[in-house]
Ligand code: ATP
Ligand code: MG
């Protein structure tokens, strides 16, 4: 389905704000009138998974940006949560992978969320990557072909 992608993302973010009023959510959208062929249902699931992880792993603030760069539509989601050690970052998209957090943060999960996110983005011929600083926060960037 061809979708005005910025509006679509803005709607997801606005719904998310209502669900989590205690989180400070900042946005910068610079992609007006970009129509992409997307699966709305699956892409919503993917974005919500990343946003929910930010909350689950300790953020106060989430910054969401959309940009067009070198023929790619980029969606970046940055949080100021607990962060992830460098050597573990490449494992995040593996099925059932979870960082052992000891008593730092007691969360439950299956370690499937980011596995599905990666599959969904790949099914759109896109990519997702992560850059994170332990104790500072995490930045996920999703790239989709324009
Ligand atoms: P679920 O299957 O319920 O999503 P999960 O959240 O543990 O379980 P993933 O969403 O796949 O699984 O995330 C994998 C792991 O990556 C998490 O267990 C957590 O350790 C780490 N992680 C993911 N997102 C963040 C984030 N924003 N900040 C810090 N750590 C994160
Ligand atoms: Mg998760």
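The values are calculated or read from the model by the stated rules, or taken from the named source; none is laboratory data. Source: prediction; values computed, not measured. Reconstructed Cβ throughout: ideal geometry from the backbone, glycine too, with neighbour counts over all protein chains shown.
Given the criteria surrounded by 15 or more Cβ atoms within 10 Å (Cβ to Cβ), at pLDDT 95 or above and not in a loop (DSSP other than H, G, I, E, B), does residue 93 qualify?
On the way: surrounded by 15 or more Cβ atoms within 10 Å (Cβ to Cβ): yes; at pLDDT 95 or above: yes; not in a loop (DSSP other than H, G, I, E, B): no.
It is false that residue 93 is surrounded by 15 or more Cβ atoms within 10 Å (Cβ to Cβ), at pLDDT 95 or above and not in a loop (DSSP other than H, G, I, E, B).
Any residue at all in segment 86-98 that's within 13 Å of the chain's Cα centre (by Cα) and either within 12 Å of ligand 2 (Cβ to nearest atom) or on the phi < 0 side of the Ramachandran plot (or both)? Talk me through it step by step, then tell me what you get.
Filtering segment 86-98 for residues within 13 Å of the chain's Cα centre (by Cα) gives 92-93.
Those still in the list that are either within 12 Å of ligand 2 (Cβ to nearest atom) or on the phi < 0 side of the Ramachandran plot (or both) too: 92-93.
Yes: one or more hits.
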Cβ-Cβ below 6 Å, separation at least six or inter-chain, first residue in segment 115-130 and farther than 23 Å from residue 87 by Cα, second modelled with pLDDT of 95 or more and assigned to a helix (DSSP H, G or I): which pairs? 120/42; 120/46
Looking at residue 66, is it at pLDDT 95 or above, surrounded by fewer than 17 Cβ atoms within 10 Å (Cβ to Cβ) and either within 12 Å of the chain's Cα centre (by Cα) or within 19 Å of residue 14 (Cβ to Cβ) (or both)? no
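Name the residue, out of 41, 29, that is closer than 19 Å to residue 10 by Cβ, more than 9 Å from ligand 1 (Cβ to nearest atom), in contact with a helix residue (DSSP H, G or I) (Cβ under 9 Å, 6 or more places away or on another chain) and at pLDDT 95 or above. Spell out the reasoning first.
On the way: 41 fails: in contact with a helix residue (DSSP H, G or I) (Cβ under 9 Å, 6 or more places away or on another chain).
Matching residue, one of 41, 29: 29.
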Residue tally, condition closer than 11 Å to residue 74 by Cβ, more than 10 Å from ligand 1 (Cβ to nearest atom) and either surrounded by fewer than 17 Cβ atoms within 10 Å (Cβ to Cβ) or under 12 Å from the mean Cα position of the chain (by Cα) (or both), over segment 112-144: 6
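For (1) touching a strand residue (DSSP E or B) at 6+ places or on another chain (Cβ under 6 Å); (2) part of a strand (DSSP E or B), each residue gets a yes or a no:
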residue	(1), (2)
65	yes, yes
84	yes, no
114	no, no
122	no, no
Where a residue in segment 1-15 is farther than 18 Å from residue 146 by Cα and its partner, wherever it lies, is in a helix (DSSP H, G or I), with Cβ under 6 Å and at least six apart: 12/44; 12/47
